[in-house]
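Asker: The structure follows.
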C-alpha cells in the first residue's frame, strides 16, 4: 500500500487538477494508493472543495483539518502520522513539482534499495527574482547547515515505514523537517526534476517564513553561532588586552595625562554590542530548549474524514466517531 501526503494551504484554484493527478497515480499503482490531504488552516475554500469532491473520487483518501495554520512541515508530519501505507511520498498541492515524481519515489522504495528518496531541483520555471533568491537561500543553507543539501533545495520526498517512524520520533519544535531527512542518514537517493511554473495562486513561502526557517535550521542543526560568538569574543579580548598594554605604556612614558574620551566610548560600545550579541545567541538556544521541554503537540487535528468512494467517516481527535 502506498500513501501520498499532500499539505494544502491556499490551493483552492488547483484542487480539481490535484485530484485528477492523484487519480492518475492511483491507476498507475494498480489501485493501491491512499491519499492523505492535510488542510493547514487554509483561509480559502480548499477544505470545502475537498470535502465536496473527495467522496466521488476513485481512490481512498483521508482529509485532516488542522485547527489553525501550523506550517507546511507540521502538516506533513500530521499526514505521515495518519497514513497507513508501507511507502510514503509527499507532494505539493500547487503541482509545481511533477506528480510523476511521486510515482518514481514509490517504485524506487518498493525495490528496497533505498529508505528515503528526495527530489532535487535541477531547474525551475520561476521569475528571475525568485530564482536568484532561492539560489542564495539554499546556498547559505548548504554552506552552514546541511552540506549534503541539493543546490536547489528539497520540496518532495518519499520514504519507507522504517524511515517514517524514525522521522516522527524526532519531536523537537522549531526545527527543519528537510534537514532531518539528511541528519537521520539511512540509504538515500536523489531524483532530479525540473520545477513547473505555478498555474494559479501565489506562493505562501514569504520572506519572513524563509528567514524564520533559516534561523530554526541554524539553531537546531549547527553550533555555528556559538562558535562565531566565541571567536569574536576571543578576538575582542585580545584587542582589548593589546589596547590596554598600549595605554599603560603610553601613560608610564608620560605621552598623555588624560585618557582619550573617544577611544573609551568606542571600546565601551564595541564590547557592549558583543555582550548583547552573545546574550541574543545564547537566548535563542535557551528558548528553543525551553520550547522542547513543554512537550506540546506540533500540530492539532480538529477533524479527520475518511473517504472510500461510497461513504464518509468522521473521526474526532482521539479516534472517536
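Asker: How about the stretch 16-32: which of its residues are free of Cβ contacts under 8 Å to residues at least 60 places away in the same chain and either closer than 23 Å to residue 85 by Cα or touching a strand residue (DSSP E or B) at 6+ places or on another chain (Cβ under 6 Å) (or both)?
Answerer: Hits for the stretch 16-32 are 19, 20, 23, 26, 27, 30, 31, 32.
Asker: I'm trying to understand the selection: among the residues of the stretch 57-90, which are in a loop (DSSP other than H, G, I, E, B), more than 21 Å from residue 17 (Cβ to Cβ) and more than 17 Å from the chain's Cα centre (by Cα)?
Answerer: 67, 68, 83, 84, 85, 86
Asker: Quick test for you: out of 52, 93, pick the one residue that is within 22 Å of the chain's Cα centre (by Cα) and either within 16 Å of residue 164 (Cα to Cα) or not in a strand (DSSP E or B) (or both).
Answerer: Matching residue, one of 52, 93: 93.
Asker: A further question follows. State the number of residues belonging to the stretch 151-163 that are at pLDDT 70 or above and not in a strand (DSSP E or B).
Answerer: Of the residues in the stretch 151-163, 6 are at pLDDT 70 or above and not in a strand (DSSP E or B).
Asker: Output the residues belonging to the stretch 110-148 that are in a strand (DSSP E or B), modelled with pLDDT of 70 or more and surrounded by fewer than 16 Cβ atoms within 10 Å (Cβ to Cβ).
Answerer: Answer for the stretch 110-148, where residues must be in a strand (DSSP E or B), modelled with pLDDT of 70 or more and surrounded by fewer than 16 Cβ atoms within 10 Å (Cβ to Cβ): just 122.
Asker: Test residue 40 against the criterion of being surrounded by fewer than 20 Cβ atoms within 10 Å (Cβ to Cβ) and touching a residue at least 12 places away in the same chain (Cβ under 8 Å), and give yes or no.
Answerer: Judged against the criteria, residue 40 is not a match.
The values are calculated or read from the model by the stated rules, or taken from the named source; none is laboratory data. Just so it is clear, the structure is predicted and the values come from calculations on it, not from any experiment. Cβ atoms come from the backbone with ideal geometry, glycine included; neighbour counts cover every protein chain shown.
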